[in-house]
Amino acid sequence: MKLSCIGCGPGDPDLLTVKAVDRIRKAQIIFAPTSREGKPSIALSIVQQHISETANSVNLLFPMIKDRESLRPQWKNNASMIGNAVREGKETVYLTVGDPSMYSTWTYINNEIKQNFKDIDVEVIPGITSFFAFAAEAKMSLVEADQTLGIVPSCYDLDKVKNTAKACDAVVFLKDGRYFDSVIAMLPDAGFSDSSIVTIAQDLSGEKEIMKISNLGELRRTKNPAGKYFSLMVAKKN
């Protein structure tokens, strides 16, 4: 009994790994996350061309809220649906955008599977992360030589974000673009000057991709520079 968790990358189907495509084509049932009922799964849309006509696709609800205690019953229910499918002998796959180890819904599924489905063998297939795809698109290095890189979510404790930014030469800000105004206002206190280069990307690797390179001074005069959840921002001090 085996469950394959697949990182689908940032959005471009061509960035799927060979191993990921192999597991998707063999799958009899494919589970994918969505943030609300009736909303198509982004992860599922990335791999659609590789899904067998006989495979069954199931969207699992992961509400976009921060209260972990209220989310636990949903995580448990989602994991049970996946675990039961594996125990029925079906070739089962769980999809996640980006990489399973980076701010992923897989974290919660994996915890439940480990606790309640110990007989299931889990395979995790990594995916290309958004910030590596971003660096490739922008044709830039994130860090070099002895520089340090921070990766932080923008939608939580801003003081914690500031302390990380202070200690790093470059910072990748994820989760999510609607909070970038607060982060931009904080950056001078973290040691970034108005000449520091800041790049913002939305819908990376998709048809509606937007990427804009600015300096911090320009962005401080711009209101709501991103405005979408699926945005990332990279700030470099020098």
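The values are calculated or read from the model by the stated rules, or taken from the named source; none is laboratory data. As the structure is a prediction and not an experimental result, all values here were calculated from the model. Positions of Cβ are generated from backbone atoms using ideal geometry, with glycine treated the same way; all protein chains shown enter the neighbour counts.
Restricting attention to the stretch 181-228, which residues are among the polar types (S, T, N, Q) and touching a residue at least 60 places away in the same chain (Cβ under 8 Å)?
The first filter runs over the stretch 181-228 and keeps only residues among the polar types (S, T, N, Q), leaving 182, 193, 195-196, 199, 202, 205, 214-215, 222, 224.
Those that are among the polar types (S, T, N, Q) and touching a residue at least 60 places away in the same chain (Cβ under 8 Å): 199, 205.
Hey, does the stretch 202-213 have a residue that's assigned to a strand (DSSP E or B) and buried (at least 16 other Cβ atoms within 10 Å of the Cβ)? Explain how you work it out, then say what you get.
Quick first cut of the stretch 202-213, residues assigned to a strand (DSSP E or B) only: 202, 210-213.
Subsequent filtering for residues that are buried (at least 16 other Cβ atoms within 10 Å of the Cβ) retains 202.
Yes; the residues of the stretch 202-213 include at least one that is assigned to a strand (DSSP E or B) and buried (at least 16 other Cβ atoms within 10 Å of the Cβ).
From the list 101, 141, 154, pick out the single residue that is hydroxyl-bearing (Ser, Thr, Tyr) and surrounded by 22 or more Cβ atoms within 10 Å (Cβ to Cβ).
The match here is 154.
Hey, residue 76 hits all of (1) surrounded by fewer than 19 Cβ atoms within 10 Å (Cβ to Cβ); (2) outside any helix (DSSP H, G or I) but one; which does it fall short on?
(2)
Write out, first by first residue and then by second, each pair whose Cβ atoms fall under 6 Å of each other, whose residues are 6+ apart or on separate chains, and whose first residue, in the stretch 56-80, is in the same structural domain as residue 40 (by TED's automatic domain parsing) while the second is β-branched (Val, Ile, Thr) and buried (at least 16 other Cβ atoms within 10 Å of the Cβ).
As it stands, the answer is 56/29; 57/30; 59/34; 62/105; 79/109; 79/113, since those pairs meet every condition given.
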